[in-house]
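Peer 1: Quick one: this structure, given as structure tokens, is what I'll be asking you about.
The values are calculated or read from the model by the stated rules, or taken from the named source; none is laboratory data. Remember, it's a predicted structure, so these values are computed and weren't measured experimentally. Cβ: placed from backbone, ideal geometry, glycine included. Neighbour counts: every protein chain shown.
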């Protein structure tokens, strides 16, 4: 049940981060701080696959770890992924 909650939170935080990044990328003054994401945020054609792949990785890795009985590590990685995207969603529209 906890794994399902983490998946829902990851999808919500990743979706909101993608939305606000796309919205702010259309302005003149936007500068992506993440050097890995920077080449992908200029167009929705590249932004959507980038965030979808990121969300997929952040969902699959904890699931694999749970199957191998590494519950605490899986929870830590899941929470870090959720926090990463939540921070991006909160930071982007305010700066």
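Peer 1: Looking only at region 40-60, count every residue that is in a helix (DSSP H, G or I) and either more than 11 Å from residue 22 (Cβ to Cβ) or free of Cβ contacts under 8 Å to residues at least 12 places away in the same chain (or both) and tell me the total.
Peer 2: 13
Peer 1: Here is a further query. If you go through region 6-22, how many residues are closer than 18 Å to residue 90 by Cα and in contact (Cβ under 8 Å) with a residue 60 or more places away in the chain?
Peer 2: Count: 9.
Peer 1: Taking into account only those residues within region 2-33 that are modelled with pLDDT under 85 and closer than 24 Å to residue 60 by Cβ, which is surrounded by the fewest Cβ atoms within 10 Å (Cβ to Cβ)?
Peer 2: Among residues in region 2-33 that are modelled with pLDDT under 85 and closer than 24 Å to residue 60 by Cβ, the one surrounded by the fewest Cβ atoms within 10 Å (Cβ to Cβ) is 2.
Peer 1: Of the residues in region 68-83, how many are surrounded by 12 or more Cβ atoms within 10 Å (Cβ to Cβ) and over 18 Å from residue 9 (Cβ atoms)?
Peer 2: Qualifying residue count, region 68-83: 1.
Peer 1: Sticking with this structure for a sec: If the Cβ limit is 6 Å and pairs must be 6+ apart or interchain, which residue in region 23-35 that is part of a helix (DSSP H, G or I) pairs with which residue that is surrounded by 14 or more Cβ atoms within 10 Å (Cβ to Cβ)?
Peer 2: Every condition considered, the pairs that remain are 24/30; 24/92; 25/41.
Peer 1: With respect to the numbered conditions (1) modelled with pLDDT of 90 or more; (2) in a helix (DSSP H, G or I), which one is the sole condition not fulfilled by residue 69?
Peer 2: Single failed check for residue 69: (2).
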